[in-house]
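Each remark here refers to the structure printed beneath this line.
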């Protein structure tokens, strides 16, 4: 299954929330992303059906290996691109928003070049 930008965003958000608070439920995503409960529910169903997430017996959302890989990749891109944009003089809030837009469409080659540049 092709994972769309919104799916990548959900996986990244699950990772961020998990790192911040330990366990993640759908309601945490609703509150954090300001989406409706039905929208989040539909998205979680699709991510589960595609084996990006699973649910624990007590309703917590767990990233599968496949989901963890994508979430980590998106998070790394987001953090690095934000840092890069701030370095260029962009306001941090705007940099975070723009990084979110860029992270999905950037080629692996371009991302590696930015990463190499920033690590100098």
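Every number here is computed from the coordinates shown, using simple stated rules; none is lab data. Please read all numbers here as calculations on a predicted model, not as lab measurements. Cβ sites come from the backbone with ideal geometry, for glycine too, and all protein chains shown count toward neighbours.
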Nearest 10, in degrees from 0 to 90: the angle of helix 65-87 to the longest Cα principal axis of the chain is 30
Counting every C-alpha pair in the chain, the percent lying more than 24 Å apart is 29
Least to most buried among 120, 46, 66, 20, by other C-beta atoms within 10 Å and fewest first, runs 120, 20, 66, 46
For the chain the mean separation of alpha carbon contacts under 8 Å (6+ apart) over residue count, i.e. relative contact order in percent, is 23
Only helices counted: for the chain, with every DSSP H run of 4 or more residues adding -39500 (n - 2.57) and the sum spread over all residues, [θ] at 222 nm is -22000 deg cm²/dmol
Taking a ≥ b ≥ c as the square roots of the eigenvalues of the Cα gyration tensor, with a/c under 1.5 meaning rounded and otherwise prolate when a/b exceeds b/c and oblate if not, the stretch 5-69 is rounded
Taking max minus min of the Cα coordinates of the stretch 72-118 on each principal axis, largest first, gives extents in Å of 25, 19, 16
Measuring from the longest principal axis of the C-alpha atoms of the chain, the long axis of helix 92-102 (C-alpha) lies at a number of degrees, nearest 10, equal to 70
In degrees rounded to 10, the 0-90 angle between helix 37-49 Cα long axis and the longest Cα principal axis of the chain is 90
